[in-house]
Structure formats: structure tokens, C-alpha cells
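Heads up: the structure comes next, in C-alpha cells.
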Amino acid sequence: MEELAKSGSKEKIRALLLSGLVCPGLGQLKLGRKKRGIFFICASIVLVLIIMVKILVITYGVITPEFMMSFSIESFIEANVRIRHTVYAETMPYILIFLGVWIAGIMDILARRS
């Protein structure tokens, strides 16, 4: 009986490490909870893709061909500051949702009974 409890806790620790350090949802897959695992993985991938696309759209919106033709240190610094502020403002909600998904994945594993 004690061996079963130990092996269950080892699996739970491995699942926590997978979900916490690699990707949300991998721990659920390791524990055999396929639907939850796929949900967390898909949610994470979608949020990361949204964040990446937003960063690219903002960057390419500021760095135009006209900007590159009239390149100067002052315009570069101004564009850099504008990109940073816009990226932070527009991606922060998605980053917070991503962190929430990650934490929810970890909490889901912790709430599972061994």
C-alpha cells in the first residue's frame, strides 16, 4: 500500500515538473487526463501565438520603409520607446491570461488526489 502511494506521488511530481517547467497540460497528459491536457496545451499555444503576432504587427507598423530611409539615432530611439510602450500595453492582458492558464494547470495537478 505504501509503495502505491509513493509511486503515485512520484508521478504527481513528474507531472508537476512537466506542467510547471515545460508546457501547461503535459502533466495532465502524463497523468492520463487527456482532455484537460489538450485544453491546457491548446490554450497555451493560442495565447503565445496571439502575443507573437501582436508584437510583429506592432513592430512592422512602426518600422516602415519610410522610417528606414530616414534612419537616425533619434528616430531609432523614439521608435524603440514607442514599440516598447505599445507592446507592453497591448500584450499584457494576454500574458496575464497565459500565466493564469499555466497556474491553473499546476493547480489542477495539485488538486488531483493520488
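Odds and ends about this structure:
- Number of residues in segment 49-92 that are part of a helix (DSSP H, G or I), of a type in the set (Phe, Trp, Tyr) and at pLDDT below 85 equals 3.
- Only one entry of Glu74, Glu90, Glu78 meets the criterion of being acidic (Asp, Glu), out of contact with any strand residue (DSSP E or B) (no Cβ under 6 Å at 6 or more places or on another chain) and loosely packed, with under 13 Cβ neighbours inside 10 Å, and that entry is Glu74.
- Which listed residue is in contact (Cβ under 8 Å) with a residue 12 or more places away in the chain and within 27 Å of Arg113 (Cα to Cα), from Leu31, Leu21, Leu47, Leu17: Leu31
- Selection from segment 22-47 of residues that are more than 14 Å from Ala104 (Cα to Cα), assigned to a helix (DSSP H, G or I) and either at pLDDT below 95 or more than 17 Å from the chain's Cα centre (by Cα) (or both): Val22, Leu29, Lys30, Lys34, Lys35
- Any hit, segment 50-62, residues being within 26 Å of Ile95 (Cβ to Cβ), within 16 Å of the chain's Cα centre (by Cα) and touching a residue at least 60 places away in the same chain (Cβ under 8 Å): no
The values are calculated or read from the model by the stated rules, or taken from the named source; none is laboratory data. Please read all numbers here as calculations on a predicted model, not as lab measurements. Glycine gets a Cβ as well: all are built from the backbone with ideal geometry, and neighbour counts include every protein chain shown.
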